[in-house]
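The structure under discussion appears below in the form of C-alpha cells.
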Amino acid sequence: MRRVTANNLDRARGQGFVPKQVASARENPELRAVVDEVFDQRQATLRDRLQTAVERGELPAVDLSFLGAMLAGPVQLFVSRGSRAFTRADAQRVSSIVLAGVRATAADDARPRR
C-alpha cells in the first residue's frame, strides 16, 4: 500500500501543474473549473486506491478524504514552495509516516477504554 500511495504522490506531471495554475485560477473562473476538475480526479483516484486498501485489510477503516488530505498536504507544501523537487523518496517517507500514524491511532481506538 505504501508503494502505491507513494507512486500516486510522486507524479512530476502534477507537481508542475500546481503553483502557477492554482494561483492564476483564483482570479479566473474558467481556469478555476479546470484546476478543480484535475484536483477532483486526482483525489478520486487516491480515494479509490485507499478504499481498495481498506477492503483488503491493508488499512483500517478511516475517513478517506481526511487521509487523502494528510497525504497530499506535504506534497503541496514542497511543490508550492519550490525550494526543491519532491522526490520518490520524499513520497515514500510521507506515505510511511502518515500510514503508520493511521494504523497506530486505529489500534488505539480499537482498545477497550477503562
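Within the range 65-90, being among the β-branched types (Val, Ile, Thr) and part of a helix (DSSP H, G or I) holds for Val75, Val79.
Within the range 46-59, being over 13 Å from Leu99 (Cβ atoms), open to solvent by 60 Å² or more (accessible area, probe 1.4 Å) and assigned to a helix (DSSP H, G or I) holds for Arg47, Asp48, Gln51, Glu55.
Considering only residues in the range 65-91 that are hydrophobic (A, V, I, L, M, F, W, C) and more than 17 Å from Ala44 (Cβ to Cβ), the one that is most open to solvent (accessible area, probe 1.4 Å) turns out to be Leu77. Residue under question is Val62, and the condition is that it be in contact (Cβ under 8 Å) with a residue 24 or more places away in the chain, surrounded by 15 or more Cβ atoms within 10 Å (Cβ to Cβ) and touching a Phe, Trp or Tyr at 6+ places or on another chain (Cβ under 8 Å); does it hold? The answer is no for Val62.
The values are calculated or read from the model by the stated rules, or taken from the named source; none is laboratory data. All of these numbers come straight from a predicted model, not from anything done at the bench. Don't worry about glycine lacking a Cβ; one is built from the backbone with ideal geometry, like all the others, and counts go over all protein chains shown. Remember, those area values only see protein heavy atoms, side chains included, never the ligands or the DNA or RNA. Shrake-Rupley method; radii C 1.70, N 1.55, O 1.52, S 1.80 Å.
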